[in-house]
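Q: Starting off with a structure, shown below.
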Amino acid sequence: MELSLRLKKVASMVEKCTRIADIGTDHAYIPIYLIKNEICESAIATDINKGPVEKAKVNIYLENLSDRIECRLGGGFSTIKPSEVQCAIIAGMGGNLIRDIIEEGIDVFKSIDYCVLQPVQNPEVLREYIYKCGYKIIDEELCVEDNKFYEIMKIKFDRKPINLNPIYYEISKVLIDKKHPLLKEYISYKLEKYYKIKEYITGYTENSERKRAETIEKIKSLEGLLKR
C-alpha cells in the first residue's frame with residue numbers, strides 16, 4: 001500500500017509510540033502505514049460514517065492487522081477515552097471542523113501528547129484558534145499534491161495564548177522561521193488568490209469597502225513577506 005504525498009507528510013509528523021488514534025480515518029491508510037513501518041504498535045481508526053469504517057475494516061483485514069487496529073464508529077474524539085492514545089491524527093477535514101472537534105473533545109485533547117492536524121480548507125481559521133487558545137505548535141509542514149498546497153500542524157495542549165499579526169494565521173510563522181523550501185511559492189499562490197478577490201469586490205457599500213480594505217492589507221502583508 002502506497003501513501004499519497006500528503007498522507008506521507010502527515011505520517012512523518014508522528015513519533016514512535018504505543019497507540020495512535022486516526023480521527024476520520026476513511027480507508028485506515030495512515031494507521032496501516034504507521035504500524036507496518038513500526039512507528040506505532042496499535043491504533044484506533046474512527047469515522048463518523050459507517051461506510052468508511054467498513055472500508056477501513058476490509059483494508060485492515062487484507063493487511064493482517066485486525067488484531068492491532070480497532071475500528072470505532074463515531075464523530076471526533078467521542079469514541080476515544082482520555083489517555084487512551086499518545087497521538088491523534090485529524091486529516092482531510094476543514095479547519096473549522098477540526099477546531100470544533102478539538103473544542104468538543106477538549107478533555108481527550110488535553111490528555112494526548114500531541115495532535116497532527118491537516119486541514120484541507122481554512123488553515124488560517126485553525127491556526128488563529130490554536131494561537132488564541134494558547135496551544136503549543138510543535139512543528140508545521142507544507143507539501144504540494146495535485147497542484148494543491150497542504151499545511152500540516154503538530155500541536156499539543158497548553159495555556160499560553162499569543163496575539164500575532166493576523167498575517168501569521170494566513171502564513172505560518174513556523175514555516176517562515178524554518179525557511180521552508182515551498183514557502184515563497186505558497187505566498188505567491190496566496191497573493192494570486194487575493195489579487196483575484198480584490199478584482200471581484202465591486203460597489204462602494206460599507207461592506208464592500210471594508211472587504212476591499214482588508215484584502216488590500218493582506219496583499220501588502222504578503223508582498224512584504226515575499227520580499228524578506
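The values are calculated or read from the model by the stated rules, or taken from the named source; none is laboratory data. Computed from a predicted model, the values in this text were never measured in an experiment. Every residue, glycine as well, gets a Cβ built from its backbone with ideal geometry; the counts of neighbours run over all protein chains shown. The protein model used for the area step is the full one, side chains on, heavy atoms only, and it has no ligands, DNA or RNA in it. Shrake-Rupley method; radii C 1.70, N 1.55, O 1.52, S 1.80 Å.
Q: With open to solvent by less than 90 Å² (accessible area, probe 1.4 Å), within 30 Å of residue 13 (Cα to Cα), hydrophobic (A, V, I, L, M, F, W, C) and over 21 Å from the mean Cα position of the chain (by Cα) as the only criterion, which of 182, 222, 142 stands out? Walk me through it before giving the result.
A: Numbers: 182 fails: over 21 Å from the mean Cα position of the chain (by Cα); 142 fails: over 21 Å from the mean Cα position of the chain (by Cα).
From the options 182, 222, 142, the qualifying one is 222.
Q: Here are some conditions: (1) free of Cβ contacts under 8 Å to residues at least 60 places away in the same chain; (2) open to solvent by 10 Å² or more (accessible area, probe 1.4 Å); (3) not polar (S, T, N, Q); (4) not in a helix (DSSP H, G or I). Residue 150 meets all but one. Which one does it not meet?
A: (1)
Q: Does residue 24 count as within 28 Å of residue 144 (Cβ to Cβ), open to solvent by 30 Å² or more (accessible area, probe 1.4 Å), of a type outside the set (A, V, I, L, M) and in contact (Cβ under 8 Å) with a residue 60 or more places away in the chain? Let's see the steps before the verdict.
A: Working: within 28 Å of residue 144 (Cβ to Cβ): yes; open to solvent by 30 Å² or more (accessible area, probe 1.4 Å): no; of a type outside the set (A, V, I, L, M): yes; in contact (Cβ under 8 Å) with a residue 60 or more places away in the chain: yes.
The answer is no for residue 24.
Q: Filter segment 115-138 for residues that are among the hydrophobic types (A, V, I, L, M, F, W, C), farther than 14 Å from residue 90 by Cβ and assigned to a strand (DSSP E or B); which is least open to solvent (accessible area, probe 1.4 Å)?
A: Top of the filtered list is 137.
Q: How many residues does segment 118-139 hold that are farther than 12 Å from residue 96 by Cβ and free of Cβ contacts under 8 Å to residues at least 40 places away in the same chain?
A: Matching residues across segment 118-139 total 9.
Q: Then there's this: Failed condition for residue 161, given (1) part of a helix (DSSP H, G or I); (2) of a type outside the set (Ser, Thr, Tyr); (3) surrounded by fewer than 18 Cβ atoms within 10 Å (Cβ to Cβ), with all others met?
A: It is condition (1) that residue 161 fails.
Q: If a residue has to be under 17 Å from the mean Cα position of the chain (by Cα), closer than 15 Å to residue 44 by Cβ and of a type in the set (D, E, K, R) to count, how many in segment 65-111 make the cut?
A: Of the residues in that region, 0 qualify.
Q: Quick one: which residue in 141, 199 is of a type in the set (Asp, Glu) and in a helix (DSSP H, G or I)? Before the answer, list the steps.
A: Details: 141 fails: in a helix (DSSP H, G or I).
When all the criteria are applied, what remains is 199.
Q: Considering only segment 95-108, I want to know if a residue exists there that is part of a strand (DSSP E or B) and touching a residue at least 60 places away in the same chain (Cβ under 8 Å). Even if it seems obvious, please write down each step before you answer.
A: Of segment 95-108, the ones part of a strand (DSSP E or B) are none.
No, segment 95-108 contains no residue that is part of a strand (DSSP E or B) and touching a residue at least 60 places away in the same chain (Cβ under 8 Å).
Q: Within segment 56-98, how many residues are out of contact with any strand residue (DSSP E or B) (no Cβ under 9 Å at 6 or more places or on another chain) and among the charged types (D, E, K, R)?
A: Counting residues in segment 56-98 that are out of contact with any strand residue (DSSP E or B) (no Cβ under 9 Å at 6 or more places or on another chain) and among the charged types (D, E, K, R) gives 1.
Q: Testing residue 203 on (1) open to solvent by 100 Å² or more (accessible area, probe 1.4 Å); (2) on the phi > 0 side of the Ramachandran plot, one condition comes back false. Which one is that?
A: (1)
Q: Continuing with the same structure: State all residues of segment 73-94 that are surrounded by 15 or more Cβ atoms within 10 Å (Cβ to Cβ) and in a strand (DSSP E or B); if no residue qualifies, say none.
A: Correct list: 87, 88, 89, 90, 91, 92, 93, 94.
Q: I'm trying to understand the selection: among the residues of segment 202-228, which are part of a loop (DSSP other than H, G, I, E, B) and of a type in the set (Gly, Ala, Ser)? I'd like the intermediate steps shown before the answer.
A: In the first step, residues of segment 202-228 are kept if they are part of a loop (DSSP other than H, G, I, E, B); the result is 202-205, 228.
Matches in segment 202-228: 203 only.
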